[in-house]
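K.L.:
Provided herewith is a single structure, encoded as structure tokens, for subsequent inquiry.
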Amino acid sequence: MLVFIFLMIVLFFVIRRMKLVVNASKKILVSGFVFFGIIVLLKFTGLIESNAYHNIVRGTYGYFELQNSVKFNSNISINDIKTTADNEILVVVLGESTTSQHMQIYGYERKTTPLLYSIKDSLYLYNNVISSDIFTLKTVPKLLTSLDNSSENQVAYNIVEIFNKVGYKTYWLSNQRAISYHDNAISKIASNSYEFKFYSHKKDKHTTVLDEVIFPDYLRILNEPGKKVVFIRIIGTHFDYNKRYPPSYNKFIGSTNASKKEKIINYYDNAILYNDFIVYSFIKELQKQNKKSALIYLSDHGENVYDNTEFFGRSEDVLRKSMFEIPFFVWVSKDFELPIDFQYKPNRAFMADHTYESIGHLFGIIYKDMDVNKSIFTKTFKKRKRNVIDNIDYDSYFLNKDD
């Protein structure tokens with residue numbers, strides 16, 4: 001930015017010294033034509049995402065909008081945190097646009113998760129978990145803060161800050177961009193980490209950075225001394241699906257005259273296959289540490305990919321089960337200290353806006369505002385209505401309902 005500003009100042013004085021003889025009306029016309037022509041060119045080529053002027057305006061607007069829309073309470077006292085275990089490493093992997101309906105490990109007919117399936121018996125696999133919303137901006141803050149679907153104008157507590165307060169070194173590794181119209185609140189959560197890094201700065205749809213880019217930093221962090229919590233946000237299976245995996249994972253191909261529907265499904269299933277490799281690798285590297293460690297994996301929301309319908313994507317106007325149904329599972333090391341009230345109920349009806357309480361409960365770091373009865377891992381779990389968009393009762397809405 002400093003180099004850019006310097007060049008703009010130099011250019012300003014260079015232009016001032018130039019002697020141009022142009023009729024005033026023509027000058028205005030030409031200037032306007034060039035200005036709007038550049039804007040149109042930047043917009044339709046996608047280069048506007050890398051334009052300094054555009055990002056200065058958007059970043060400034062996004063910052064002030066963020067301060068007004070999301071408020072976190074940083075006044076956290078260590079005296080208000082109860083530590084019930086002495087665990088060493090926690091890894092929280094946040095997937096993207098991944099529905100459990102297309103995962104072999106959840107019963108999908110294609111072998112899209114062979115690696116995770118091979119260690120299925122060592123996972124706490126939950127079969128009935130849904131997201132609270134179908135868009136990232138609405139879901140992720142509810143995963144990592146005290147916000148949930150019943151919150152109204154509430155000042156939230158941030159799980160990252162809670163871990164910081166008790167002496168864990170926190171990290172945030174994200175293969176999604178830091179500033180956009182949709183991610184600013186999430187970046188505010190990330191900024192509380194001891195170290196945070198973003199590997200992609202393009203729109204989700206256009207980025208081609210694969211999730212394996214995270215591996216070098218992940219391995220470095222695991223090998224650093226001390227207790228730590230690592231939050232990893234992957235691009236997962238976000239559209240465009242065919243940009244989410246390398247050519248070697250192009251397993252589901254179909255016929256040469258395949259329809260658009262068949263191609264889209266194949267692209268998505270290939271993305272799931274690569275996602276399987278990514279998450280499995282995170283687990284296996286963590287396992288090598290031989291420490292009291294755990295990994296939680298879940299997706300921010302699901303995705304409809306022609307699942308008993310004739311469209312793909314997500315829409316609040318046309319809700320489908322696959323938009324909400326997400327993978328949620330946990331791996332723990334053999335000496336990991338589970339809560340004394342831990343209970344594994346694979347079919348427990350859970351909505352992911354209480355992941356905040358579940359993380360604290362599982363790892364043994366419980367803040368005063370965490371109601372352990374909301375945790376998916378406790379024997380005292382209190383069932384509730386899973387109200388999603390427009391206060392729709394998910395379970396009754398989709399009961400015996402053909403998608």
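K.L.:
Report yes if some residue within region 292-299 is farther than 24 Å from TYR356 by Cβ and either touching a helix residue (DSSP H, G or I) at 6+ places or on another chain (Cβ under 8 Å) or surrounded by fewer than 23 Cβ atoms within 10 Å (Cβ to Cβ) (or both); otherwise report no.
P.N.:
no
K.L.:
For region 220-239: of the residues being over 15 Å from VAL93 (Cβ atoms) and surrounded by 14 or more Cβ atoms within 10 Å (Cβ to Cβ), which is modelled with the highest pLDDT?
P.N.:
LYS227
K.L.:
Can I ask one more? Condition first: at pLDDT below 95 and surrounded by fewer than 16 Cβ atoms within 10 Å (Cβ to Cβ). Can you find one or more residues in region 279-291 that meet it?
P.N.:
There is no residue in region 279-291 that is at pLDDT below 95 and surrounded by fewer than 16 Cβ atoms within 10 Å (Cβ to Cβ).
K.L.:
Output the residue which, of all residues in region 58-79 that are at pLDDT 75 or above and in a helix (DSSP H, G or I), is surrounded by the fewest Cβ atoms within 10 Å (Cβ to Cβ).
P.N.:
ASN79
K.L.:
Grab the strands (runs of 3 or more DSSP E) fully contained in region 293-375, keeping just those with 1 or more residues being over 23 Å from ASN79 (Cβ atoms).
P.N.:
293-299, 328-332
K.L.:
Which of the residues belonging to region 315-324 are at pLDDT below 95, within 21 Å of the chain's Cα centre (by Cα) and either among the hydrophobic types (A, V, I, L, M, F, W, C) or closer than 30 Å to VAL230 by Cβ (or both)?
P.N.:
Correct list: LEU319 only.
K.L.:
How many of the residues in region 376-403 are within 25 Å of ILE76 (Cα to Cα) and of a type in the set (S, T, N, Q)?
P.N.:
1
K.L.:
Mind checking which pairs have a first residue in region 341-353 that is within 15 Å of ILE130 (Cα to Cα) and a second that is among the charged types (D, E, K, R) and surrounded by 16 or more Cβ atoms within 10 Å (Cβ to Cβ), Cβ under 6 Å, 6 or more apart or different chains?
P.N.:
MET351/ARG386; ASP353/LYS142; ASP353/ASP148
K.L.:
For LYS263, work out the one condition from (1) surrounded by fewer than 17 Cβ atoms within 10 Å (Cβ to Cβ); (2) in contact with a helix residue (DSSP H, G or I) (Cβ under 6 Å, 6 or more places away or on another chain); (3) under 24 Å from ILE134 (Cα atoms) it doesn't fulfil.
P.N.:
Tallying (1) surrounded by fewer than 17 Cβ atoms within 10 Å (Cβ to Cβ); (2) in contact with a helix residue (DSSP H, G or I) (Cβ under 6 Å, 6 or more places away or on another chain); (3) under 24 Å from ILE134 (Cα atoms), LYS263 fails exactly one: (2).
K.L.:
Turning to a different aspect of this structure: Residue under question is ASN164, and the condition is that it be closer than 16 Å to ILE376 by Cα and surrounded by fewer than 23 Cβ atoms within 10 Å (Cβ to Cβ); does it hold?
P.N.:
no
K.L.:
Provide a single number: the residues in region 9-28 that are at pLDDT below 80 and either under 20 Å from TYR53 (Cα atoms) or in a helix (DSSP H, G or I) (or both).
P.N.:
5
K.L.:
List the number of the failed condition for PHE311; all other conditions in (1) modelled with pLDDT under 95; (2) surrounded by 22 or more Cβ atoms within 10 Å (Cβ to Cβ) hold.
P.N.:
With (1) modelled with pLDDT under 95; (2) surrounded by 22 or more Cβ atoms within 10 Å (Cβ to Cβ) applied to PHE311, the lone miss is (2).
K.L.:
Then there's this: Please go through region 83-106 and give me each residue that is surrounded by fewer than 24 Cβ atoms within 10 Å (Cβ to Cβ) and farther than 25 Å from THR139 by Cα, ordered by number.
P.N.:
Scanning region 83-106 gives THR83, THR84, ALA85, ASP86, GLU88.
K.L.:
Further, regarding this structure: Kindly indicate which of TYR344, TYR306 is under 23 Å from the mean Cα position of the chain (by Cα) and of a type in the set (Phe, Trp, Tyr).
P.N.:
Every option except TYR306 fails the conditions.
The values are calculated or read from the model by the stated rules, or taken from the named source; none is laboratory data. Just so it is clear, the model here is predicted, and its values are computed rather than measured. Quick reminder, even Gly has a Cβ in these numbers, built from the backbone with ideal geometry, and neighbours come from all protein chains shown.
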